[in-house]
Amino acid sequence: FLTALMMTYVFGYTGDFTWQASLMYGSIVSATDPVAVVALLKELGASKRLATMIEGESLLNDGTAMVVFLVLIDLVEGNTLTAGEIIGMFVRLSFGGIVLGLLGGVILAQILSRLHNDAVREMNATVFTSYLLFYIAESTPLHVSGILAIVALGLYMTTSGKAQISADSAHTVHGVWGYIGFVAETVIFIVSGVIMGVRATTSNTITYVDYLKLLGVYVGLHFIRFFCIFASWPLLKRIGYGMSFKQVVLCSYAGLRGAVGLSLALMVCNSPKIPRTIQDLVLLHVAGVALLTLLINASTTGALVRFLGLASTSKIKENLLHGVAHRIDENTSETIHHLKTEHSHHWALVDWEKLSLTVRLTELEESL
């Protein structure tokens, strides 16, 4: 809603770009993509609770944004809905998707419990169930939220069904799903880039002014996200994992946009009932914001984490790392000394001093 107000009254998108279109755009850019940020937090050794909070917020946020988007795209396409119909549609999409996902999780757990150390079948069961649930949710008269169904399936499998996956198959399941996610996101970015390139070069509605407004929208979205999280902070710091003001700042800045938003923008461009002006402007601002957050936010979040002191390690962890590094260095020195005393012709050209400096864990020791 705040994004729609900004688009209408700050950047002057009116006329063909209706209030309903502004609300629809707001629902699209509310979906965040934390993959890059979560990977960075793990690399920097930040709190797992912080990474879990950011990732969990994105999962539920994506599902909610999708539900709101499906309601609003009907309005933009010219369909007339009463207040009761809108509420009923929202409830059906939201709670129906969650119930369907939990039911799918129970069935999947039962299937996996009957398989033992069969990585291929266990992997196929998880993939088949996920795509079947999404198809049932989105492409049948049931018509509930496919994303929320998959989120509910994942949560159930994490809490109750994960133990049904054989220990020997768990690594395979994680690896294949990681690859599926990587391919899916890559395809979405490529398709969005191709379509955006065509629209940008052929559209009569996109001008240089819209590109300048895009920079303003990018900045404005950060203020909106910070305001929403800060307004919820009194509650967030008292429930769940708790939340400090530094984490509020980080979560506000780390709201990258990515595959989900681009997917919704492509759905807008694929609708013949939506005017071309709305399609072009929505795709421009969604793709532009995704690009800017990935280029700017993703590359500078590490510096912000260090500045806020959220990547500091405990003394116990530092001592353990120091002990491991020291032991590795001792073993390395012993191995090099042993090779030198062999006087083998295989090592005749080796610069032992340079080799010793190269294999030492100097950076790790200095950081500790």
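The values are calculated or read from the model by the stated rules, or taken from the named source; none is laboratory data. Please read these numbers as outputs of a predicted model, since none were measured by experiment. Cβ placement follows ideal geometry from the backbone for every residue including glycine, while neighbour counts extend to all protein chains displayed. Accessible surface is based on the protein model in full, side chains and every heavy atom, while ligands, DNA and RNA are left aside. Shrake-Rupley method; radii C 1.70, N 1.55, O 1.52, S 1.80 Å.
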Discussion item. Per residue, how large is the accessible surface of the chain? Use a 1.4 angstrom probe and give square angstrom.
Written reply: 56 Å²
Worksheet item: More than 18 Å apart: what percent of Cα pairs in the stretch 159-247 qualify?
Response: 74 percent
Discussion item. Can you return the lysines within cross-link range of K340? Criterion is Cα-Cα under 17 Å, with same-chain partners fewer than 8 residues away left out.
Written reply: K354
Fill in: Apportionment of accessible area to carbon and sulfur, the chain, percent (1.4 Å)
66 percent
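Can you tell me what percent of all Cα-Cα pairs in the stretch 1-51 are more than 13 Å apart? Could you put the intermediate results ahead of the total?
Values: 808 of 1275 pairs.
Pairs farther apart than 13 Å: 63 percent.
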Worksheet, complete the sentence: In Å, the C-alpha Rg and Dmax of the stretch 14-111 are 17.6, 54
Worksheet item: Long-range amide H contacts for S30: which residues qualify at under 5 Å (H placed 1.01 Å from N, peptide plane, sequence gap of 5 or more or a different chain)?
Response: none
Worksheet item: To the nearest 10 degrees, how steeply does helix 19-29 sit against the main Cα axis of the chain, on a 0 to 90 scale?
Response: 10 degrees
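As a test of the formula, what do you get for the chain when each DSSP H run with n ≥ 4 contributes -39,500 (n - 2.57) and the sum is divided by the residue count, at 222 nm and rounded to the nearest 500 deg cm²/dmol? Present the calculation step by step, with values, prior to reporting the outcome.
Working: 16 runs with 272 residues, N = 368.
Value at 222 nm, helices only: -25000 deg cm²/dmol.
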Practice prompt. Just the Kirkwood number for the stretch 112-207, please: inverse of mean 1/r across all distinct Cα pairs, in Å, one decimal.
Written response: 15.9 Å
Worksheet entry | Relative contact order computed over the chain (Cα-Cα under 8 Å; 6+ residues apart), in percent | 21 percent
Worksheet, complete the sentence: Note to self: C-alpha centroids of the stretch 14-74 and the stretch 208-277 sit apart, in Å, by 6 Å
Worksheet item: In degrees between 0 and 90, to the nearest 10, how far off the longest principal axis of the chain does helix 298-308 point, with axes built from Cα atoms?
Response: 70 degrees
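Once you wrap a convex hull around the alpha carbon atoms of the stretch 197-351, what is its projected area averaged over all directions, in nm²?
Values: hull surface 71.9 nm².
If I average the Cα hull's projected area over directions, I get 18.0 nm².
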Practice prompt. Please name whichever of N297, H326, C269 sits farthest to the positive end of the charge dipole of the stretch 261-347, dipole taken about the Cα centre and charges placed at Cβ: Lys and Arg +1, Asp and Glu -1.
Written response: C269
Discussion item. Between 0 and 90 degrees, rounded to the nearest ten: what's the tilt of helix 208-236 against the longest Cα principal axis of the chain?
Written reply: 80 degrees
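Take every Cα-Cα pair in the stretch 52-180 and report what % of them are more than 23 Å apart. Spell out each step's value before the answer.
Details: 3167 of 8256 pairs.
Here the tail beyond 23 Å accounts for 38 percent of pairs.
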Practice prompt. Whole number please: convex hull volume per residue, Cα atoms of the chain, in Å³.
Written response: 210 Å³
Item to complete: Compare Y131, Y241, Y208 in a GNM of the chain, Cα atoms joined below 10 Å, and give the one with the largest fluctuation.
Response: Y208
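Just to be sure I follow the definition: excluding the sites themselves, where is the longest run in the chain that has none of the trypsin sites (Lys or Arg not before Pro) in a DSSP loop with at most 14 other Cβ atoms within 10 Å?
Details: sites that count: R114, R238, K273.
Counting at most 14 other Cβ atoms within 10 Å as exposed, the longest clean stretch of the chain is 115-237.
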Worksheet entry | Relative contact order of the stretch 1-64, defined on C-alpha pairs under 8 angstrom at six or more residues apart (%) | 30 percent
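Where does the stretch 254-327 land on the Kirkwood hydrodynamic radius, alpha-carbon pairs, in angstrom? Can you show the working numbers first?
On the way: mean 1/r = 0.0639 Å⁻¹.
Hydrodynamic radius (Kirkwood, Cα pairs) of the stretch 254-327 is 15.6 Å.
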